[in-house]
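K.L.:
For reference, the structure I am asking about is given below.
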Amino acid sequence: MMSEAIFQQQPYLTSLRSTITAVDGQWLELAASIFYPRGGGQPGDSGSMQVKSNTFSVLDTEKTLEGAIRHQLSDENHGLRPGDSVEMQLDWPRRFRLMQMHSALHLLCSLIPKGVTGGSIGEHKSRLDFDLGERSVDKQELTRQLNQLIQSNIPITQQWISQAELAANPDLVRTLSVQPPKNAQRVSLVNIQGIDIQPCGGTHVANTGEICELRVSKIENKGKRNRRIHIVFGEPQG
Ligand SMILES: [Zn+2]
């Protein structure tokens, strides 16, 4: 059963009441969720769920092939059943850092107009792999450019387009490491106004100014053409 993905329209919502639709051991499926299910390089959300007077920890969130969002409780003997009403609470500090990092990777994409071959979003550090070819990149210069975009307070907005519109604009998927789902009726388009626009199902901050200062910490060679660019929060060095 499909779950309503509330985080897509309301990425800043930190708590929500919903109903359990299925139980499989530690995993609970809910009718609607604010927890992002791991995917596209972004980890699944964690937090807690309250049912009556009991509070359960949520370790991870994932999406099933049928489109249900399921939440992994730390306790297998939770005694919860389909139909139970739960109050979910996001680990917001962690999710917000993931939103900052995720948004920062879009900025990195805009600065390096080359194919993305991989990537990973973490709470404290993230990375993107680029097929750079002959192009070279400089750690200090990239750090400066990233922070300039962050300080420019550029709005980040989300809109929906149809598969047909996406097919008519193949340039949009240029920098994607993960292709948008082919079966979805519509595709989420993330627009950093005037800077970068691409299909993405993850969660982002509403303005680049919310990202905070970042630093390119390392650029690794991964084969002849591939470079792995790491970013962390913090003051630029050197
Ligand atoms: Zn994104």
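K.L.:
Excluding same-chain residues fewer than 8 positions from LYS63, which lysines have a Cα within less than 18 Å of its Cα?
P.N.:
Counting by Cα, and skipping residues close in sequence, LYS63 has these lysines nearby: LYS182.
K.L.:
Right, another one. Would you mind computing Rg(Cα) / (2.2 N^0.38 Å) for region 1-45, counting N as its residues?
P.N.:
Output field value: 1.16.
K.L.:
What 222 nm value per residue comes from the helices of the chain, counting each DSSP H run with n ≥ 4 as -39,500 (n - 2.57) and dividing by all residues, nearest 500 deg cm²/dmol? Kindly include the intermediate steps, with their values, before the conclusion.
P.N.:
On the way: 4 runs with 43 residues, N = 238.
Mean residue ellipticity, 222 nm, calculated: -5500 deg cm²/dmol.
K.L.:
Sorting check: for 223-232, 90-99, which peptide has the highest mean count of neighbouring beta carbons within 10 Å, and how do the rest follow?
P.N.:
Working: 223-232: 16.7, 90-99: 18.9.
Order by mean packing, descending: 90-99, 223-232.
K.L.:
Please compute P(r) over all alpha-carbon pairs of region 1-143, binned at 5 Å starting from zero, and give each bin as a whole-number percent.
P.N.:
2, 9, 18, 20, 15, 11, 9, 7, 5, 3, 2, 0, 0
K.L.:
Which lysines, on any chain, are close to LYS224 with Cα under 21 Å apart, when same-chain ones fewer than 8 places away are left out?
P.N.:
Of all the lysines, those that pass the test against LYS224 - Cα under 21 Å, at least 8 places apart if same chain - are LYS114, LYS139.
K.L.:
Take SER53 and ASP138, extend 7 Å from each Cα along the Cα→Cβ direction, and tell me the distance between the two endpoints in nm.
P.N.:
With each label placed 7 Å out from Cα toward Cβ, I get 6.5 nm.
K.L.:
Run through region 1-76 and list the trypsin sites (Lys or Arg not before Pro) located in a DSSP loop whose Cβ has at most 15 other Cβ atoms within 10 Å. Don't skip to the answer; put the middle values down first.
P.N.:
On the way: sites: ARG17, ARG38, LYS52, LYS63, ARG70; in loops: ARG38, LYS52.
Passing sites in region 1-76 are ARG38, LYS52.
K.L.:
Summarise the long-distance tail of P(r) for region 95-233 by giving the % of C-alpha pairs beyond 23 Å.
P.N.:
Working: 2966 of 9591 pairs.
So the portion of pairs separated by more than 23 Å is 31 percent.
K.L.:
For region 96-125 and region 185-236, what is the centre-to-centre distance using only Cα atoms, to the nearest Å?
P.N.:
Cα centroid to Cα centroid, the span is 3 Å.
Where a number appears in this text, it was derived from the coordinates with a stated rule and is not lab data. Just so you know, these numbers come straight off a predicted model, no measurement behind them. Please note: Cβ atoms are built from the backbone with ideal geometry, for glycine as well, and neighbour counts cover all protein chains shown.
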